[in-house]
Ligand SMILES: O=C(O)CCC(=O)C(=O)O
């Protein structure tokens with residue numbers, strides 16, 4: 001246990017934040033509406049900011065083939081990976097640089113958000129990835145590839161991811177799916193355990209072993225917000241009839257400094273940040 005964990009003092013949480021932490025502790029997953037945590041103006045700002053990316057991604061993938069063969073075929077990432085538009089300029093094929101007033105960073109690195117994640121992890125976590133995703137629908141797709149298959153994330157046993165849907169996600173849009181109570185210490189924590197040899201369990205055996213009622217399919221309208229311990233089993237993005245647009249934020253413990261997949265331009269304002277925000281963005 002690190003020094004940071006020893007000195008962690010749980011912050012005061014409001015009712016919504018407590019509900020999210022409680023559900024994370026119980027099931028490894030919590031689903032709320034973005035509007036329960038943040039105001040309408042911020043939603044509008046994010047929606048406007050993501051919209052040109054969605055248009056570009058549509059154009060880029062209009063002639064997608066019949067079947068995806070790799071992750072890059074079905075997933076367009078705005079700030080990393082397949083670089084489109086401003087990411088090409090900003091990142092120059094390196095890490096994307098977010099200004100401190102970037103709206104995604106303001107949400108992902110907000111105290112409101114960090115207080116939830118940090119209380120669940122009982123330490124000041126580090127934001128190591130944030131992105132916008134456009135998942136390409138393939139009407140004839142019959143084989144799951146990559147993260148479309150059940151898996152546990154490799155970073156840490158209790159890595160936390162937060163997804164916000166910016167499109168309506170029904171079964172045809174490849175919803176995120178999760179096995180309740182499947183992270184380490186949970187009811188299904190010992191099945192193909194985290195860090196073990198089997199990274200992607202055989203689908204038939206998986207379905208036989210884990211009851212359907214514990215396999216959650218997170219459909220929902222735009223504005224749906226999912227907090228999740230992705231050390232537990234999850235999959236998603238097998239879209240057939242509609243694209244799926246979301247933002248993703250990932251949080252790890254402070255020891256994982258090397259993993260950070262973006263940069264922050266603090267503009268000399270480091271000292272204005274609260275210690276937990278600074279720890280998250282450093
Ligand atoms: O696209 C999805 O819903 C799955 C994402 C996933 O597996 C991940 O972020 O680790």
Residue satisfying condition, being at pLDDT 95 or above, within 16 Å of the ligand (Cβ to nearest atom) and either part of a loop (DSSP other than H, G, I, E, B) or surrounded by 21 or more Cβ atoms within 10 Å (Cβ to Cβ) (or both), within set 114, 130: 130
Only one residue in 219, 209, 241 is modelled with pLDDT under 95 and either away from the ligand (no atom under 16 Å from the Cβ) or surrounded by fewer than 19 Cβ atoms within 10 Å (Cβ to Cβ) (or both), so which one is that? 241
When the residues of segment 244-267 are filtered to those that are touching a helix residue (DSSP H, G or I) at 6+ places or on another chain (Cβ under 8 Å) and within 12 Å of the ligand (Cβ to nearest atom), which remaining residue is nearest to residue 278 (Cα to Cα)? 249
Report whether or not residue 277 is within 15 Å of residue 107 (Cα to Cα) and either under 20 Å from the mean Cα position of the chain (by Cα) or within 16 Å of the ligand (Cβ to nearest atom) (or both). yes
Selected residue [touching a strand residue (DSSP E or B) at 6+ places or on another chain (Cβ under 7 Å) and over 22 Å from residue 120 (Cα atoms)] from 212, 222: 222
Test each condition in (1) farther than 14 Å from residue 30 by Cβ; (2) out of contact with any helix residue (DSSP H, G or I) (no Cβ under 9 Å at 6 or more places or on another chain); (3) within 16 Å of the ligand (Cβ to nearest atom) for residue 226 and report the one that comes out false. (1)
Condition check for residue 166: buried (at least 22 other Cβ atoms within 10 Å of the Cβ), under 17 Å from the mean Cα position of the chain (by Cα), within 14 Å of the ligand (Cβ to nearest atom) and farther than 22 Å from residue 215 by Cα: yes
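The values are calculated or read from the model by the stated rules, or taken from the named source; none is laboratory data. Computed from a prediction, not measured in an experiment: that's the story for all the values here. FYI the Cβ positions are ideal-geometry reconstructions off the backbone, even for glycines, and counts take in every protein chain you see.
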